[in-house]
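Down below is the structure, laid out as structure tokens.
All of the numbers you see were taken from the coordinates with simple rules; none came from a lab. Bear in mind the structure is a predicted one, so any value in this text is a computation, not a measurement. Cβ: placed from backbone, ideal geometry, glycine included. Neighbour counts: every protein chain shown.
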Amino acid sequence: STHDTVISGARVVTPAGAAQCDIGIRDGRIVTLGTDLSGNEMIDATGLIAMPGGIDSHVHIAQPSGPGIEMADDFASATRAAACGGNTLVMPFVLPDEDQSLREATVAYLARAEGQCLTDISCHLIVKSADPVTLGQDLPALIAQGLTSFKVFMTYEGMRLKDSEILQVMDVAKGQGALTLVHAENEDAIEYLRDKAERAGDTAPVFHARSRPVPVEREATHRATTLAEVAGVPLMVVHVSNGAALEEIRRAKDRGVKVYAETCPQYITLTADDLDRAGFEGAKCVCSPPPRDTHEQAAIWAGLEQGAFDVFSSDHCPFRFADEKGKDAPGARDSFRNIPNGIPGVETRLPILFSEGVSKGRISLEAFAALTATNHARIYGLTNKGALMVGKDADIVLWDPTLTKAITQGDLHHGSDYTPWEGFAVTGWPVRTLLRGQTVMENGAPVGAAIGRHIARDKVAA
Ligand code: URP
Ligand code: ZN
Ligand code: ZN
Ligand code: ZN
């Protein structure tokens, strides 16, 4: 037979549109899109939708998170959850420990991933120090190895860079062919509001949201896009949470700045009220930027519908809830300042967007594929990934568009002990995931060996 595997009968979503056809796979690649194909393994996908496997270009896995704090996922659990949620590649961040260079941290991080992953991975770097070794040696060497993107932070003490440092980092990106990602929130304004809230006794989880209001993100988004304009580089603004920040991105684009924008499930489904849940439950939804309100959700939806967003990622950053290494860290109940920032979401990203977007008729299947896979591959230089096209890796997810369920922790595979979306009803669920032609998830359960690899990426055009 000419194919190792054939998927037949599905509605296949390609960049040229969606059509009924068979997918022929050989040696891990898509080699034929046609009808009546034969293969050694035949997968009957009648009634299902075939999409490019999800690429989640914003996840945090086993990232150093401060003294005594531990992320809830290692590579095995994060990629198991990712595969079960319809993903075939995730992009975590390398963050050096106190005593490590960026290069040492990358070697150690990739060694931890080796042999553990059920999906492919491809790492971004975090630049938390603009010192000469990082800028002059480590970044050029790592970019040459295919780690062609890095995130800078405008917030978090110990991580944030000054504007002058961000410009220096952008210069390296420009010279070496990498993409700069930015977490845009004004740290000084946050510290002012946080300290004032604490002095007033406003220390519950909801004050995390109230001390990081929209203008804090809007200003930093304006500043970040301006810095990209000054440096003459493209920029990815990650986790855009509100209409005002999105408007700054539109204005920068109108000035000719190449700006990409990312948003996440929390900004279309959660609000600051979710941080105000009874007791300490609100800590389950503490992330930065915080979820806003229904007006901002509508502004994010308008952006998704109008194509203002390039990518939809999870910002999966899992901590356990009932755990003093997690959300219940020492002092967390005394002040929101001590609650680790971040929420688990790698397994629920795709079902939430499918249900809220495709099933509710807000976005097309093609837009879904672009937002969840194709654009991630194009922007980050994953040449063989992200589309159901002849020649690409056979990274495929089959969706049952009629499957309805309520999201619940008991069904999930991440290392966290909760989901912010407990009880959230969805229509549409991924039922089979193939990585380079091999099934890694079937009917909600992980399948097979940890065949995921680290994927080196192409340089990014300035
Ligand atoms: O709260 C969040 N998002 N934590 C993850 C780190 C980041 O800022 O993306
Ligand atoms: Zn961030
Ligand atoms: Zn409002
Ligand atoms: Zn993040």
Exercise. Thinking of segment 207-336 as a set of Cα atoms, what percent of all their pairs are more than 26 Å apart?
Worked result: 27
Exercise. Just from the alpha-carbon atoms, what are the Rg and Dmax of segment 277-416 in angstroms?
Worked result: 17.6, 56
For this session: Please list the helices of the chain that count as membrane-span-like by this rule: a mean Kyte-Doolittle hydropathy of at least 0.0 together with Cα atoms stretching 15 Å or more along the helix axis, each helix being a complete DSSP H run.
Result: 102-113
Exercise. log₁₀ I(q)/I(0) of segment 48-155 at q = 0.13 Å⁻¹, via Debye over equal Cα point scatterers, no solvent, to two decimals?
Worked result: -0.50
Exercise. What size of dipole, in debye to the nearest 20, comes out for the chain about its Cα centre when the only charges are +1 on Lys and Arg C-beta atoms and -1 on Asp and Glu C-beta atoms?
Worked result: 840
Problem set entry | Partners for Lys128 among aspartates and glutamates (Cα-Cα distance below 16 Å; same-chain residues under 8 apart left out) | Asp97, Glu98, Asp99, Glu104, Asp138, Glu157, Asp163, Glu165, Asp171, Glu185, Glu187
Problem set entry | Centroid-to-centroid separation of segment 183-230 and segment 25-91 [C-alpha atoms, Å] | 34
Seminar exercise, completed: A student applying the Cα gyration tensor rule (rounded when a/c is under 1.5; otherwise prolate if a/b is larger than b/c, oblate if not) would label segment 267-345 prolate
Problem set entry | the chain, relative contact order in percent, only Cα pairs under 8 angstrom and at least six apart counted | 22
Problem set entry | Over segment 80-138: Kirkwood hydrodynamic radius from C-alpha pairwise inverse distances, Å | 12.7
Exercise. Seen from all sides and averaged, what is the projected area of the convex hull of the Cα atoms in segment 144-251, in nm²?
Worked result: 7.5
For this session: Quick one, can you get me the convex hull of the C-alpha atoms of the chain expressed as volume per residue in Å³?
Result: 126
Exercise. Which percentage, to the nearest 5, of the DSSP beta bridges contained in segment 1-158 is antiparallel?
Worked result: 45
For this session: Scan segment 353-462 for trypsin sites (Lys or Arg not before Pro) in coil per DSSP, keeping those whose Cβ has at most 13 other Cβ atoms within 10 Å, and list them by number.
Result: Lys360
Seminar exercise, completed: Too long for a 24 Å Cα-Cα cut-off, among Lys151/Lys258; Lys258/Lys392; Lys392/Lys459; Lys284/Lys325; Lys360/Lys405; Lys360/Lys385, are Lys258/Lys392; Lys360/Lys385
Exercise. Do the sum for the chain: with -39,500 (n - 2.57) for every DSSP H run of n ≥ 4, divided by all residues, what is the mean residue ellipticity at 222 nm, to the nearest 500 deg cm²/dmol?
Worked result: -7500 deg cm²/dmol
Seminar exercise, completed: With no solvent term and unit scatterers on the alpha-carbon positions of segment 359-462, Debye gives log₁₀ I(q)/I(0) at q = 0.13 Å⁻¹ of -0.63
Problem set entry | Relative contact order for segment 13-95, counting Cα pairs under 8 Å that sit 6 or more residues apart, in percent | 26
